[in-house]
Amino acid sequence: MLNEADIGKKFPQVVADVEKGRLRFFAKAIGETDPIYTDEEAAKAAGYTSLPIPPTFIFCLKMDVPRPFENYENVGAPLEKILHGKQKFQYYKSVVAGDTLTFDSYIADIYHKKAGAMGFLVEQTKVTNQHSEHVADMISTLVVRQ
Amino acid sequence: MIAYDTISPGDELPELVTDEISRTTLALYAGASGDHNPIHIDIDFAKSAGMDDVFAHGMLSMAYLGRLLTGWVPQSAIKDFEVKFTSITQVNSKIICSGKVEEKFERDGKKILKLSVDAKDENGNIKIIGCAEIEFD
């Protein structure tokens, strides 16, 4: 059961490297065939210093920890009860292979609907790169069946 | 690159139709995305959670919508991308991604397009609705 008292709670920071091999695997998994996402020469010809990350991939690297769902379990949102309700990205700078990203997340909101049967957890994440540049923000809304 | 001046509100993006989302697709997406939630890849877990079968990651369909956008404008022009997941996507669905220019205006010297986007299955059932903001220099 979600508890409004957890609003503002910070989750442990995640640091992840952006790797070329992983980006090629991701491109294959989503059916992306534009060579800028898999061929470094094509990426450079398009003006990137290495392979760019596809728009939603930034969400994935935050899960590069041994137990990515533990944060939610610890606030009353076990894996078998959660669904992804909404996702928002705001992009400020390009991210390419070779970058190292830091994810700082906190619980921006918790609320309930349907007389408490449905809980909503809003997680906000600031993403910065190895130069301390703010590259993106992510806002995820999880729906929790309670 | 799409020329800003030639775009008008009401213009539609070229539709993107994916291959069928097989169980292999879900296994590959789980590995590549790092989202190892067993609800998408382990039917035993899905049943224990009250589902009839595994179902696709919502973020896989959002990634398809991302392809719709990056197939139309350079990725660096995408400033804002937001979706709501409205229903679960079953295994063996094909996803049809659509987008439309809703607004065109200038803000702080930047040329902005606001798009609406959605992802449906082949039966026309909406899976995701959302919007994106594109910025031209």
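Taken together, the values in this text are just the output of simple stated rules run on the coordinates, not laboratory data. The shown structure was predicted, so the numbers you read here are calculated from the model rather than taken from an experiment. For neighbour counting, all protein chains shown are included, and Cβ atoms are generated from backbone atoms with ideal geometry for every residue, glycine included.
Just to verify a number: FRET efficiency for residue A:74 and residue A:19, C-beta to C-beta distance, R0 = 35 Å, to 0.05? The calculated FRET efficiency here is 0.80.
For the protein assembly as shown, the fraction of C-alpha pairs farther apart than 25 angstrom is 47 percent.
On a 0 to 90 degree scale, rounded to 10, what angle separates helix B:23-33 from the longest Cα axis of chain B? Taking Cα atoms only, the helix is inclined about 60 degrees. In this structure, residue A:4 and residue B:90 have a Cβ-Cβ separation that, at R0 = 30 Å, corresponds to a calculated FRET efficiency of about 0.30.
Lysine pair count for segment B:19-136 (Cα-Cα distance under 24 Å; residues 8 or more apart in sequence or on different chains): 24. From least to most packed, judged by other beta carbons within 10 angstrom and beginning with the fewest, A:60, B:97 follow the order A:60, B:97.
Pairs of Cα atoms nearer than 8 Å and 6+ residues apart set the relative contact order; for segment B:19-136 it is 25 percent. A DSSP coil position with no more than 14 other Cβ atoms inside 10 Å describes the following chymotrypsin sites (Phe, Trp or Tyr not before Pro) in segment A:76-146: A:92. For the Cα atoms of chain A, what angle does the longest principal axis make with the long axis of helix A:20-29, in degrees from 0 to 90, nearest 10? The two axes meet at around 70 degrees.
In terms of other Cβ atoms within 10 Å, A:131, B:40, A:112 run from fewest to most in the order A:131, A:112, B:40. Can you give the FRET efficiency for residue B:15 and residue A:131, using 1/(1 + (r/R0)^6), R0 = 45 Å, r = Cβ-Cβ distance, to the nearest 0.05? Step by step, r from the Cβ atoms, then E = 0.70.
Summing charges over neighbours of residue B:26, with a neighbour being any other residue whose Cβ is under 13 Å away from its Cβ, gives -4 when K and R count +1 and D and E count -1.
Local charge sum around residue B:89 (other residues, Cβ-Cβ under 12 Å, Lys/Arg +1, Asp/Glu -1)?
-1
Counting every other Cβ atom within 10 Å of each residue's Cβ, B:61, A:132, A:140, A:94 order from fewest to most as A:132, A:94, A:140, B:61. List the pair-distance distribution P(r) of chain B, using every Cα-Cα distance, as the percent of pairs falling in each 10 Å bin from 0 up to the bin containing the longest distance, rounded to whole percents. Per 10 Å bin, starting at zero, the Cα-Cα P(r) for chain B comes out as 12, 39, 29, 15, 5, 1 percent.
Look at the alpha carbon pairs under 8 Å that are at least 6 residues apart: their mean separation over the length of chain A gives a relative contact order of 30 percent. Residues in segment A:100-111 carry Karplus couplings, in order, of 10, 10, 10, 10, 10, 10, 8, 7, 7, 6, 9, 8 Hz; the curve used is 6.51 cos²θ - 1.76 cosθ + 1.60 with θ = phi - 60°, and Gly or Pro positions show x.
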